[in-house]
1. For the range 253-268, which residues satisfy the criterion of being crowded, with 17+ Cβ neighbours inside 10 Å and either without any contact (Cβ under 8 Å) to a residue 40 or more places away in the chain or not aromatic (Phe, Trp, Tyr) (or both)?
2. Go through the range 215-233 and give me each residue that's buried (at least 17 other Cβ atoms within 10 Å of the Cβ) and out of contact with any Leu (no Cβ under 6 Å at 6 or more places or on another chain).
3. Select, from ASP65, ASP124, ASP150, the only residue that is within 20 Å of VAL188 (Cα to Cα), acidic (Asp, Glu) and under 15 Å from the mean Cα position of the chain (by Cα).
4. Among the listed residues LEU50, LEU96, LEU34, identify the single one that is more than 19 Å from PRO221 (Cβ to Cβ) and modelled with pLDDT of 95 or more.
5. Out of curiosity, is ARG180 surrounded by fewer than 18 Cβ atoms within 10 Å (Cβ to Cβ) and among the basic types (Lys, Arg)?
6. If you go through the range 1-25, how many residues are farther than 22 Å from ASN78 by Cβ and surrounded by 22 or more Cβ atoms within 10 Å (Cβ to Cβ)?
7. For the range 128-137, does any single residue satisfy the condition of being open to solvent by 10 Å² or more (accessible area, probe 1.4 Å) and more than 13 Å from LEU215 (Cβ to Cβ)?
8. Looking at the range 1-77, what strands (runs of 3 or more DSSP E) fall wholly within it and have at least 2 residues that are within 24 Å of ARG283 (Cβ to Cβ)?
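The values are calculated or read from the model by the stated rules, or taken from the named source; none is laboratory data. No experiment lies behind these values; they were computed from the predicted model shown. Glycine also receives a Cβ, built like all others from the backbone with ideal geometry; neighbour counts cover every protein chain displayed. Areas reflect the complete protein model, heavy atoms only, side chains present, ligands, DNA and RNA absent. Shrake-Rupley method; radii C 1.70, N 1.55, O 1.52, S 1.80 Å.
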Amino acid sequence: MTSYRHETVPTQFVETGDIRYAYRRFGKRGTVPLLFLGYFNSNMDAWDPLVTNALSEDHEVILFDNAGVGASGGETPNNVAEMTRHCVAFIRALGLKSVRIVGFSLGGMIAQQLALDYPDLVQDLILLGTGPRGGEGMTFTELSAEEQADPVAFLLGAFFSPSKASQAAGREYMKRLESRQEDRDLPVSRDSAVAQLAAIREWGTIPATNRYATLKDITHPALIIHGNKDVVVAPINALILAEHLPNAQLIVYSDSSHGAQYQHATIFLEHVKLFLKNESARRSKRSEF
């Protein structure tokens, strides 16, 4: 077990293919790492320390800036497939044989592509506030001038429902994001955000045929978490994932939007720990035969 926590773990770098990737690694060594893949326009500081610290008690946690994001070098691709290849390059640069993925929103799209294209690298998936390729209403628009001018208000509006309880949870979440005082990550550049938005739009394009055909090939155990009032990725997309992924379970949290896992962090952590423990036990049992 490392002595570091979300607030204190140093930023490290690994270079491969002429790109220098920034990451933070802490938690219980000797376990299959949980690789966290973030949402649009986010960096390593955007993960909730309440969640990462709790999961690091039993698992190694790796936070990661993909190419062109935050402190990482290179250029951000404008499609999910290329973003996925960068993830694979990073995983292999660390010498990891396999990972367990926690993918939030855009990160959940990358997680699906990673499981599809590189199934042996992935043990299981935790998909937060995300949707399938060609999902419902996943053609996102540019942020308005007002939204860009007040990012805190935008985040509270997008991640939390209008109710008093949800907004109060949102303010607590925003406070937790400031708990890391030293060695903060670099902000996401305008160019990177534009490329990410293009990638999300491409992912959301509805194909002419076989709309959800590839989901059946993602056979990994998957835990899908969604808010019932998600205004960013419509909740119907979580149900579509649960219907088409062969080995998935879906949990929907009430009175919550895109940041459902942060509003309901206590029960969310119980659900995730149970999922990870059960899947580890199943793999261990299979290896005995």
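1. TYR253, ASP255, SER256, SER257, HIS258, GLY259, ALA260, GLN261, GLN263, HIS264, ALA265
2. Within the range 215-233, PRO221, LEU223, HIS226, GLY227, LYS229, ASP230, VAL232, VAL233 meet the criteria.
3. Working: ASP124 fails: within 20 Å of VAL188 (Cα to Cα); ASP150 fails: under 15 Å from the mean Cα position of the chain (by Cα).
On inspection, the qualifying residue turns out to be ASP65.
4. LEU50
5. Working: surrounded by fewer than 18 Cβ atoms within 10 Å (Cβ to Cβ): no; among the basic types (Lys, Arg): yes.
In short, no.
6. Filtering the range 1-25 down to residues farther than 22 Å from ASN78 by Cβ leaves 1-15, 23-25.
Retained after the next criterion (residues that are surrounded by 22 or more Cβ atoms within 10 Å (Cβ to Cβ)): 6, 9, 24.
Within the range 1-25, residues that are farther than 22 Å from ASN78 by Cβ and surrounded by 22 or more Cβ atoms within 10 Å (Cβ to Cβ) number 3.
7. Yes, the conditions are met somewhere in the range 128-137.
8. By residue number, 19-27, 34-37, 60-64.
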